[in-house]
Amino acid sequence: MIQGFKDFITRGNVVDLAVGIVIGTAFAAVITAVVDGLLTPIIAMIFGERDLTQVMTFEINSAVFSIGLILDALFKFITIALAIYFFVVVPMNKMAERRKKGDEVVEEDGPTEVELLMEIRDSLKK
């Protein structure tokens, strides 16, 4: 049972997943800081508010509704997703393609199947 657990923990997939989560969390923190410190204030400035969460905020019967809060969450999600796609996924896919090209077996140019069959036919005729 303990050996099975050791095998599970030392398997490459688990270690890769753990590293990916840690790096992803750190990367998300950087992107969130850029969004909160730079992009969100620019968008809020366009709407004339202090921050994006205050955009389209209204109150009905002491209940506060904030469309800006939803917009802020969506903006952060889309920005983080775009950053991860362009800075992580696209480069990783390009690296995988390069590795795949390097691993491809190069076939030597030899006679085709039809040519081999023709040679056999000609040999049998002789």
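The values are calculated or read from the model by the stated rules, or taken from the named source; none is laboratory data. All values reported here derive from a predicted model rather than from experimental measurement. A quick note on method: Cβ atoms are made from the backbone with ideal geometry, for glycine too, and the neighbour counts reach across all protein chains shown.
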Qualifying residue in the range 60-67 (condition: modelled with pLDDT of 80 or more and assigned to a helix (DSSP H, G or I)): yes
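Okay, residues lined up against (1) under 25 Å from I23 (Cβ atoms); (2) of a type outside the set (V, I, T):
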{"position": "F58", "(1), (2)": "no, yes"}
{"position": "I70", "(1), (2)": "no, no"}
{"position": "F77", "(1), (2)": "yes, yes"}
{"position": "V88", "(1), (2)": "yes, no"}
field: Among residues of the range 89-121, those that are under 36 Å from the mean Cα position of the chain (by Cα) and modelled with pLDDT under 80, counted
entry: 6
message: Checking the structure you have, find out if any residue of the range 104-114 is on the phi < 0 side of the Ramachandran plot, of a type in the set (V, I, T), out of contact with any Pro (no Cβ under 8 Å at 6 or more places or on another chain) and touching a residue at least 12 places away in the same chain (Cβ under 8 Å).
response: no
- request: Return a yes/no flag: does the range 93-104 have any residue that is outside any helix (DSSP H, G or I) and over 17 Å from I42 (Cβ atoms).
  value: yes
